[in-house]
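Report on the following structure.
The values are calculated or read from the model by the stated rules, or taken from the named source; none is laboratory data. These figures come from a predicted structure and were not determined experimentally. Using ideal geometry, Cβ is built from the backbone for each residue, glycine included, and neighbour counts are taken over all protein chains shown.
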Amino acid sequence: MKGVRPIPFIFEIGVGPECSCFYVQQHGCCKQIFFSMIDIIRTNSDNKHFIGLVKLLDADLAQKDGADHLFYAQFNKIDTIGHVLVAFDNGIPVGCGAIKKYTATTMEVKRMYTAAEQRGRGIASSILAALEEWVTELGYESCILETGKRQVEATALYKKNGYNIIPNYGQYAGVDNSICFEKKLG
């Protein structure tokens, strides 16, 4: 097009001075786009935010699992979980996950959840990676977990993060709706 020339834009990318948010500023019109950072804390199963997120998880699973939910609920008590992560976005709890000892070399991943309106942002992968790091710090060699066949998003998450399907273990052996996974760490 004659007489039209591109307008150059200069972008600045940085971290906010009073927060952990990334921002992009377009010089010339001062347009700013903020990307929030997720903070993940280590805690235990007494944490009120973890308890609240687990209630949302249980409601979601009750809907997806239907009559099978009562069977699975017996294996998902949180009162004995000592290693819990809670993810926050600007102080709001948005996801969680936990680990507990399964064998001398293996930890079991439990209670993975991301709030429905927060999904698709990589929060679950971040929680999973932080759990794996914690497992390694504690001296364990692998993680195992169980999810249901109806949890399509969870199955995709675990495959994407390097988990391999294994024969159903422990209380899930012979349970047709269960899919078990393992990831060797290190």
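Couple of notes before you dig in:
- Taking first residues from the stretch 97-126 that are in a loop (DSSP other than H, G, I, E, B) and at pLDDT 95 or above and partners that are buried (at least 21 other Cβ atoms within 10 Å of the Cβ) and of a type in the set (A, V, I, L, M, F, W, C), the Cβ contacts under 7 Å between residues at least 6 apart in sequence or on separate chains come to A115/V94.
- Complete set of residues in the stretch 107-159 that are more than 17 Å from Q63 (Cβ to Cβ) and of a type in the set (D, E): E108, E132, E133, E137, E141, E146
- Strands (runs of 3 or more DSSP E) within the stretch 21-78 that include 1 or more residues among the aliphatic types (A, V, I, L, M) and at pLDDT 85 or above: 38-43
- The residue that is farthest from T106 (Cα to Cα), among those in the stretch 168-181 that are assigned to a loop (DSSP other than H, G, I, E, B) and of a type in the set (A, V, I, L, M, F, W, C), is V175.
- Residues that are of a type in the set (D, E), more than 22 Å from I81 (Cβ to Cβ) and over 14 Å from the mean Cα position of the chain (by Cα) within the stretch 131-183 comprise just one, D176.
- Of the criteria (1) surrounded by 17 or more Cβ atoms within 10 Å (Cβ to Cβ); (2) assigned to a helix (DSSP H, G or I); (3) of a type outside the set (A, V, I, L, M, F, W, C), which one Y140 fails: (2)
- The single condition among (1) farther than 25 Å from D39 by Cβ; (2) surrounded by 17 or more Cβ atoms within 10 Å (Cβ to Cβ); (3) of a type outside the set (V, I, T) that L131 does not meet is (1).
- Counting the residues of the stretch 151-167 that are assigned to a loop (DSSP other than H, G, I, E, B) and buried (at least 16 other Cβ atoms within 10 Å of the Cβ) gives 2.
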